[in-house]
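The values are calculated or read from the model by the stated rules, or taken from the named source; none is laboratory data. These numbers were taken from a predicted model, which means no experiment stands behind them. Counting neighbours? That spans all protein chains shown, and the Cβs are built from the backbone with ideal geometry, glycine included. For accessibility, only protein heavy atoms count, side chains too; no ligands or nucleic acids. Shrake-Rupley method; radii C 1.70, N 1.55, O 1.52, S 1.80 Å.
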Amino acid sequence: MLITNLKIENFRNYNELNLNLNNKINIFYGNNAYIYGLTRYKEFKSLEQKLAVFGALNTPEGYTTLVSLPTGGGKSLITQTMAYQQQGLTIVIVPTVSLAIDQVRNAKNNIKHNADNEIFCYYSGIELERKNALRNAIKSETARLLFISPEALIRNTEFVSMINEANIKKY
């Protein structure tokens, strides 16, 4: 590890050693201009989160990324940064409606962008107004991030048709 190269005798005092260690740690967990500009987060939760975020952001086109982090490990930051890395719609499949609603709320709080008109969730009981806003955002290619359950993605023929149309347009 980087820290093993530090020799205590090379530092004049404890504060200098501590400052140097903190600088080394910032290399691991520290800032990233893209993520800071998008979310205002100044650091990652862990080295694992940083590796997962950069791994996902550097996934070659046409490939799939599978990320496994513990609960609270920072997976949401991955979906949020990927959605804003390029133009287009990022669809995140979540197991429950409550999780989809929670993810939308968190993403809208985290993203320092026009998130209200770009981040959505879709589920079977969605209000007509929200459903129309989502439909219009997909058609106008302004939606960036969509949280949806597997059932809603597969069983709703209108929605499947909308996504297929977006795919044909390479959106």
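Separation of segment 65-86 and segment 35-58 by C-alpha centroid, Å?
8
Could I have the simple spin-label model distance between Asn132 and Ser161, label points 7 Å from Cα toward Cβ, reported in nm to one decimal?
Taking the two extended label points, one gets 1.8 nm.
Over the heavy atoms of Ile78, what accessible area does a 1.4 Å probe trace out, to the nearest 10 Å²?
10
Using a simple spin-label model with points 7 Å from Cα along the Cα→Cβ vector, what separation in nm is obtained for Ser98 and Asn58?
3.8
Roughly what would the spin-label model give for Lys108 and Gln85, points 7 Å off Cα along C-beta, in nm?
2.6
With a 1.4 Å probe and all protein chains in place, put Met162, Met82 in order of accessible area, largest first. Walk me through the numbers on the way to the answer.
Numbers: Met162 20, Met82 65 Å².
Greatest to least solvent exposure: Met82, Met162.
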